[in-house]
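Bear in mind these aren't lab numbers, they're just calculated from the coordinates by the rules spelled out. Note that the structure is predicted; figures quoted are calculated from it, not measured. Don't worry about glycine lacking a Cβ; one is built from the backbone with ideal geometry, like all the others, and counts go over all protein chains shown.
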Amino acid sequence: MELVFDFFEDHLKAAAAVKGRRPLALGVLCFILGALSFFIAMGVSGRLAPVPCNWVNFCLFLIWELVSSLALVAVLHLIADFEGRQGSGAELFVLFGMASLSWALAVPLALVFMAFLPSAQWPLTAVFLLVGFYNLSLKVRSLQDTYQFSQGRAWITLVLPYMATVTATGVALALAMASLVIQVMKSFD
């Protein structure tokens, strides 16, 4: 618990402790608690309306969170390694897990806004955006602590895989639409 508190209070001390021990089980536990907090906040706020809020969906979400986080850490480690930076992907995974604990803020904030503004949806959207931005800023700080990036370089490095994914998805959708249009045009001949 002291290591988790240090992550939010004295991040350099926490990064040094993680570098020495690499407690991967703690990172996985933090991811589980962060995913649970996010899932509860989404369920309480009604954002999971089309999907039932049950253990099966939580387990699927948790698996998605762990796999996507492992993939993100692997890509970020490769980027840092290509730049010649010294650091550990395992350390970054644990620090990202501790950063996901920031989603615990979404539950009480969502409940407070729902109590005072029950019909307004924009405050809940603002809560998720603010907590999400705080989560990203903690991940940037973790990149800085692990690979000694500057703050700007850490932001660019973190956003790069997300931009690549969005771009690849856009290109795939554009190609699929073009293929569909070509097939429709061929059917008229």
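Among the trypsin sites (Lys or Arg not before Pro) in the range 36-142, none is located in a DSSP loop while being surrounded by at most 11 other Cβ atoms within 10 Å of its own Cβ. Straightening the chain between M163 and E9 buys 52.4 nm, computed as 0.36 nm per residue apart minus the Cα-Cα spacing. For the range 2-188, the C-alpha radius of gyration sits at 1.21 times the compact-globule guess of 2.2 N^0.38 Å, with N the residue count. Extension gain, R47-S187: 0.36 nm per intervening residue step, less the Cα-Cα distance, totals 46.3 nm. Which of L101, G132, F116 sits closest to the plus end of the dipole of the range 75-153, meaning its Cα is farthest towards the positive end, when Lys and Arg get +1 and Asp and Glu get -1 on the C-beta? Going by the Cα projections, it comes out as F116. Dipole check for the chain: with +1 at the C-beta of Lys and Arg, -1 at the C-beta of Asp and Glu, and the Cα centre as origin, the magnitude is about 100 Debye. State the Cα centre-to-centre distance between the range 1-63 and the range 136-189 in whole Å. The range 1-63 and the range 136-189 have Cα centres separated by 24 Å. Simple rule: put +1 on each Lys or Arg Cβ and -1 on each Asp or Glu Cβ in the range 1-40, find the dipole, and look at A25, F5, S37; the Cα lying farthest toward the positive end is A25.
From its DSSP helices (H runs of at least four residues, each -39,500 (n - 2.57)), the chain gives a residue-normalised ellipticity at 222 nm of -28500 deg cm²/dmol.
With one equal scatterer per alpha carbon and no solvent term, the Debye-computed log10 I(q)/I(0) for the range 1-93 at 0.11, 0.15 1/Å reads -0.42, -0.72.
With a 10 Å cut-off between alpha carbons and a GNM built on the chain, which of P118, P23, P161 moves the most? The residue that fluctuates most here is P118.
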